[in-house]
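J.: My questions all concern the structure below.
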């Protein structure tokens, strides 16, 4: 296929931390173009990437014949229009989560990509944590037995600092729900399967952040039933004082089944906690080395911070899926399925009732 030319649309922190280092691992990949609405951010990205094309208008980028693939890392409200324009121009698209502002737009993106035959990927980055990969393997092998319970808890201390566009509903759609709980919804789908119904609540406890209005949620909780009959409890907060942030804060998943229980924590990237039915309790188990790096990734797990570098495998998987002409590991359909749950959570929170998921 030769050199793959990428365009990066949205050049903020996620792009610099996750996407660019991942693309740098891929042979015969070049960042040809960068795009951002803010000139200073755009110039910084142009200098860092060496891109020969820079624009503040995504429409000038997605139609270029010398671009084969697009990464979208912009405010959530722009995901759908940019992705649909890129797909219409025949580009492969990797889009940050949440995929869209609502289920209808997310499904429209998935359907358009499938019709066009382009590779598409939702940036559910934590799928690439070695311990999560191994946990999914164990569940698929039957070690859990019949699933009984799924629970996840994501607690961070973001205080009341200004979050920029992320605290404006018109740009972000939701706050903690789309920002952090979306990943844990995807965990649930990945490990247990689709949900059947749910009841949820959201709270905005910081209507003012650093002097600026905030109309998004900073706490969310979901009580769910899965199609398999398993139960689910999911909670996420930006206001868990003293919990710190990123991998230093609590990011916890536990699943219980008829044969075993497993616990996953992002901060322990190469370890699970596990126990068998009737056993003495939960104890650590090591993740086999074969799960430390995504298949096909040239990344050396001994280089860099392993709590950061696993994220680079996401871009590698996207590039390899393009080259191998196959679906990516986390398609837009996965993003749309998570968006359906988020829509249902908002409906439930507004009505105070259980909501069925189609």
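The values are calculated or read from the model by the stated rules, or taken from the named source; none is laboratory data. Bear in mind the structure is a predicted one, so any value in this text is a computation, not a measurement. All Cβ positions, glycine included, derive from the backbone under ideal geometry; neighbour counts span all protein chains shown.
J.: When you check residue 234 against the structure, is it modelled with pLDDT of 95 or more, touching a helix residue (DSSP H, G or I) at 6+ places or on another chain (Cβ under 6 Å) and in a strand (DSSP E or B), yes or no?
T.: For residue 234, the condition - modelled with pLDDT of 95 or more, touching a helix residue (DSSP H, G or I) at 6+ places or on another chain (Cβ under 6 Å) and in a strand (DSSP E or B) - is met.
J.: Right, here's the next one. Please verify whether segment 291-311 includes one or more residues that are within 23 Å of residue 180 (Cα to Cα) and assigned to a strand (DSSP E or B).
T.: There is no residue in segment 291-311 that is within 23 Å of residue 180 (Cα to Cα) and assigned to a strand (DSSP E or B).
J.: Turning to a different aspect of this structure: Would you check if residue 69 is over 30 Å from residue 347 (Cα atoms), in contact (Cβ under 8 Å) with a residue 24 or more places away in the chain, buried (at least 21 other Cβ atoms within 10 Å of the Cβ) and in the same structural domain as residue 344 (by TED's automatic domain parsing)?
T.: Considered against the rule, which asks whether it is over 30 Å from residue 347 (Cα atoms), in contact (Cβ under 8 Å) with a residue 24 or more places away in the chain, buried (at least 21 other Cβ atoms within 10 Å of the Cβ) and in the same structural domain as residue 344 (by TED's automatic domain parsing), residue 69 comes out as no.
J.: Report whether or not residue 253 is within 17 Å of the chain's Cα centre (by Cα), modelled with pLDDT of 95 or more and assigned to a strand (DSSP E or B).
T.: yes
J.: Of all the strands (runs of 3 or more DSSP E) wholly in segment 113-203, which have at least 3 residues that are assigned by TED's automatic domain parsing to the domain that holds residue 239 and more than 15 Å from the chain's Cα centre (by Cα)?
T.: 147-155, 195-203
J.: Would you point out which residue out of 313, 300 is crowded, with 20+ Cβ neighbours inside 10 Å and touching a helix residue (DSSP H, G or I) at 6+ places or on another chain (Cβ under 9 Å)?
T.: After ruling out the rest, the residue left standing is 313.
J.: Listed residues 277, 239, 307; which is touching a residue at least 60 places away in the same chain (Cβ under 8 Å), over 21 Å from residue 155 (Cβ atoms) and either surrounded by fewer than 20 Cβ atoms within 10 Å (Cβ to Cβ) or not assigned by TED's automatic domain parsing to the domain that holds residue 145 (or both)?
T.: The match here is 277.
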